[in-house]
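Student: Provided herewith is a single structure, encoded as structure tokens, for subsequent inquiry.
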Amino acid sequence: MKIDETNVAIIHHLKDGRVPFKRIAQELGVSEGTIRARVKKLQDEGVLDITGLINPDVLPDKYVVMVGVKLKDMNLVKKAEEFSKLRGVISVCVVTGRFDLMLTVMLKKQFGMLEFYTNEVSKIENVRSVETFVVYKSYNLKVPLAI
């Protein structure tokens, strides 16, 4: 899908997901139908999600960890897709550096790191090693309410 200047402007206006399409249309000088159609296409193509995000620091019984994963093989995209389906996983990135993948995971008291590794990560074959980074305090991190 082509992301042109109008699409970028629409996405910029949708930083506040509650802004009416009519207001966006007026500010961009296009019809409300154009905005509606473009947003639908961006969503259908998997380019845009309009969702509520929360600062994980305010959740009393949940915490975020970043997990670096080293794999035994180089099938990075397939493994990233497998990890993305695990319980608690918010996002998976294929990265450069000492890890192959970086996961953002939300855990809670009843489903902590031990459960994540023994019940979820253990399902994935060809994992060489993992390293966990517990997020004690975050800045500018907003996540979907998972688990």
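The values are calculated or read from the model by the stated rules, or taken from the named source; none is laboratory data. This structure is a prediction, so every number in the text was calculated from the model and none was measured. In this analysis, Cβ positions are derived from the backbone assuming ideal geometry, glycine residues included, and neighbour counts consider all displayed protein chains.
Student: Residues being in contact (Cβ under 8 Å) with a residue 60 or more places away in the chain and not aromatic (F, W, Y): count how many of those fall in the range 110-145. If you could, list the steps in order and put the result at the bottom.
Tutor: Our first condition is that a residue be in contact (Cβ under 8 Å) with a residue 60 or more places away in the chain; within the range 110-145, this holds for 129-135, 137-138, 141-145.
If we keep only those that are not aromatic (F, W, Y) too, we end up with 129-132, 134-135, 137-138, 141-145.
The qualifying residues number 13.
Student: Report, by residue number, each residue of the range 22-36 that is out of contact with any Asp or Glu (no Cβ under 8 Å at 6 or more places or on another chain) and either surrounded by fewer than 12 Cβ atoms within 10 Å (Cβ to Cβ) or of a type in the set (D, E, K, R) (or both).
Tutor: The answer is R23, E27, G29, E32, G33, R36.
Student: May I pose another question? Condition test on K78, is it basic (K, R), surrounded by fewer than 18 Cβ atoms within 10 Å (Cβ to Cβ) and touching a residue at least 60 places away in the same chain (Cβ under 8 Å)?
Tutor: Details: basic (K, R): yes; surrounded by fewer than 18 Cβ atoms within 10 Å (Cβ to Cβ): yes; touching a residue at least 60 places away in the same chain (Cβ under 8 Å): no.
Answer is no for this residue.
Student: Which of (1) at negative phi; (2) outside any strand (DSSP E or B); (3) out of contact with any helix residue (DSSP H, G or I) (no Cβ under 8 Å at 6 or more places or on another chain) does N140 not meet, given it meets every other one?
Tutor: Unmet condition: (1).
Student: Restricting attention to the range 23-46, which residues are free of Cβ contacts under 8 Å to residues at least 24 places away in the same chain and either charged (D, E, K, R) or outside any helix (DSSP H, G or I) (or both)?
Tutor: R23, E27, G29, S31, E32, R36, K40, D44, G46 - these are the residues of the range 23-46 that are free of Cβ contacts under 8 Å to residues at least 24 places away in the same chain and either charged (D, E, K, R) or outside any helix (DSSP H, G or I) (or both).
Student: Scan the range 109-125 for residues that are in a loop (DSSP other than H, G, I, E, B) and loosely packed, with under 14 Cβ neighbours inside 10 Å and jot them down.
Tutor: Just the residues of the range 109-125 that are in a loop (DSSP other than H, G, I, E, B), to begin with: 109-110, 112, 124-125.
Residues satisfying the conditions are K109, Q110, G112, E125.
Student: Within the range 78-108, how many residues turn out to be assigned to a loop (DSSP other than H, G, I, E, B) and over 17 Å from E125 (Cα atoms)?
Tutor: 5
Student: Do we find that L107 is free of Cβ contacts under 8 Å to residues at least 60 places away in the same chain and not assigned by TED's automatic domain parsing to the domain that holds K15 in this structure?
Tutor: Values: free of Cβ contacts under 8 Å to residues at least 60 places away in the same chain: yes; not assigned by TED's automatic domain parsing to the domain that holds K15: yes.
Judged against the criteria, L107 is a match.
Student: Could you grab me the full set of residues in the range 81-98 that are surrounded by fewer than 16 Cβ atoms within 10 Å (Cβ to Cβ) and touching a Leu at 6+ places or on another chain (Cβ under 8 Å)?
Tutor: Across the range 81-98, the qualifying residues are S91, C93, V94, V95.
Student: So which of L86, L71, L103 is in contact with a helix residue (DSSP H, G or I) (Cβ under 8 Å, 6 or more places away or on another chain) and over 19 Å from V135 (Cβ atoms)? Step through it out loud before you land on a result.
Tutor: On the way: L86 fails: over 19 Å from V135 (Cβ atoms); L103 fails: over 19 Å from V135 (Cβ atoms).
Exactly one of L86, L71, L103 is in contact with a helix residue (DSSP H, G or I) (Cβ under 8 Å, 6 or more places away or on another chain) and over 19 Å from V135 (Cβ atoms), namely L71.
Student: If you don't mind, another one. In the range 61-68, is there at least one residue being at pLDDT below 95 and in a loop (DSSP other than H, G, I, E, B)?
Tutor: Yes, some residue in the range 61-68 is at pLDDT below 95 and in a loop (DSSP other than H, G, I, E, B).
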